[in-house]
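Since the structure comes first, as structure tokens, the remarks are kept for the end.
The values are calculated or read from the model by the stated rules, or taken from the named source; none is laboratory data. It should be emphasised that the depicted structure is a prediction, and the values quoted were computed from it without experimental measurement. Using ideal geometry, Cβ is built from the backbone for each residue, glycine included, and neighbour counts are taken over all protein chains shown. Each accessible area value is taken on the protein alone, full model and side chains, heavy atoms only, with ligands, DNA and RNA left out. Shrake-Rupley method; radii C 1.70, N 1.55, O 1.52, S 1.80 Å.
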Amino acid sequence: MSSDAPVGRGLWRIGAGTTLVVLAFSVVNPVLAVTLQRRGVNAGAIGLFAMLPFLTVATMIPVMPRVFARLGVIRAYRGGLVLGVLSLAGYALTDSYLAWCCWSVLGALGAAAEWNGTEALIAFNAPPARRGRFTGMYQTALGAALAVGPLLPGALQWLLPAGKPLHTVWLLWGAAAIYALALGVTAGPAVGRLRASHTGGGRDSLRAALRARPALVWIAFAGGVFEAGLGGITAAYGSQLGMSLGVATSIAGALGVGSFVLQYPAGWLADHAPVRRVFGVAGALLLLSVLAFGLAPRVAALFWVAAFLWGAIGGALYTLTMVRVAHEFTGRSTIAGTAAMITGYTAGGAVGPAVSGLMLERCGVPGQSLWLAALAVSVIAVALRMRAGPEGP
């Protein structure tokens, strides 16, 4: 993907390493929750445990530019992988709920470095003419890892002799081995040569990046609401309407499928179409998805149509903002820019279920549709205000 072959190899290795990390996380996350439930931990405590990684990442992202400035992006990234291995080993060697919460925070500290570091390195090093496609391929790989990971325990159980249990500790050590493999993949000199800013190019703070590109941050926020913030609450609402557990959770599955299939096409469009037009069309499709959701109580199939579009367009918005950051911050550090987009996206992922739950409880589908429609319209409005030139908003 680069005319500089070592840089291209390093970029592929970083992408592969982070994909392995996401695969391990997606294997372990549901396994830990099920294990806690079997130990008699109540649902509230399990929910708190499940929230800890996201809360920790959201807390750490604002300080990551300073961490990278002090340690270097590659050293911080590799240190994050080491923290991940230690976290998984901690799960395997202890069974205390409090200890597991500590291991969760430790692993999430590493995840913050891995997420922000990978996005910044791709944004800075991917060749400008193919930046969108490279970003799209990377996001597609992450989507595949998130989809495949939860299926692996069931596949492994099927391979075992009948009646032989699949022990949690096996999966934990297996996930630790995947992290170690990621560390090996990213240990070479090709990765060590990657940079996230030009020498002497200056360092932007997260606050400066947020103030410089508020339009992109808002679009990332909208992407977080639709892709990360609606799956669970919509599935719960489906269950409230009388759907079985499997049918209700398949609504969230439709959202995940949408997120997976549209990442590369979104990246391709970012390379070939004006950014204002792409964001505008995305906002219009979100508005159509909200209309479908509004009609879903009468035509149940529209729940899945709406969820598919939420995942597809919400995920595409995040990919597109990352591509724009790469162009907007040319000649400067991309670390603060990508951190700003991650901050917007994670804020959307946190706000989405809270506001949606309140709207569904108080106003039902009309209230939920109204606030999501307002958010979709805001994306269109922001897109219309973007300049047509390459410098963006």
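Observations
- The number of residues in the stretch 268-301 being open to solvent by 40 Å² or more (accessible area, probe 1.4 Å), hydrophobic (A, V, I, L, M, F, W, C) and more than 24 Å from the chain's Cα centre (by Cα) comes to 5.
- Only a single item in (1) closer than 19 Å to Phe308 by Cβ; (2) modelled with pLDDT of 85 or more; (3) within 22 Å of the chain's Cα centre (by Cα) is not met by Leu241, and it is number (3).
- Candidate set: the stretch 146-175, residues that are within 30 Å of Gly8 (Cα to Cα) and modelled with pLDDT of 85 or more; chosen: the one least open to solvent (accessible area, probe 1.4 Å): Ala175
- Among residues of the stretch 86-99 that are farther than 12 Å from Val28 by Cβ, those with a beta-carbon under 9 Å from a residue that is part of a loop (DSSP other than H, G, I, E, B) at least six positions away or on a different chain give the pairs Asp95/Arg39; Tyr97/Arg39; Tyr97/Val41.
- Ala292 farther than 16 Å from Ala235 by Cα, small (Gly, Ala, Ser) and out of contact with any Lys or Arg (no Cβ under 9 Å at 6 or more places or on another chain): no
- Residue that is farthest from Ala45 (Cα to Cα), among those in the stretch 92-107 that are of a type outside the set (A, V, I, L, M) and exposed (fewer than 14 other Cβ atoms within 10 Å of the Cβ): Thr94
- Looking only at residues in the stretch 75-88 that are of a type outside the set (Ser, Thr, Tyr) and open to solvent by less than 20 Å² (accessible area, probe 1.4 Å), the one that is farthest from Ile61 (Cα to Cα) is Leu88.
This table checks each residue for (1) among the hydrophobic types (A, V, I, L, M, F, W, C); (2) assigned to a helix (DSSP H, G or I); (3) in contact with a Ser or Thr (Cβ under 7 Å, 6 or more places away or on another chain); (4) modelled with pLDDT of 90 or more.
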residue: Gly315; (1), (2), (3), (4): no, yes, yes, yes
residue: Tyr318; (1), (2), (3), (4): no, yes, no, yes
residue: Gly331; (1), (2), (3), (4): no, no, no, no
residue: Tyr345; (1), (2), (3), (4): no, yes, no, yes
residue: Gly349; (1), (2), (3), (4): no, yes, no, no
residue: Leu358; (1), (2), (3), (4): yes, yes, no, no
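- Each residue in the stretch 363-379 was checked for being small (Gly, Ala, Ser) and in contact (Cβ under 8 Å) with a residue 40 or more places away in the chain, and 4 pass.
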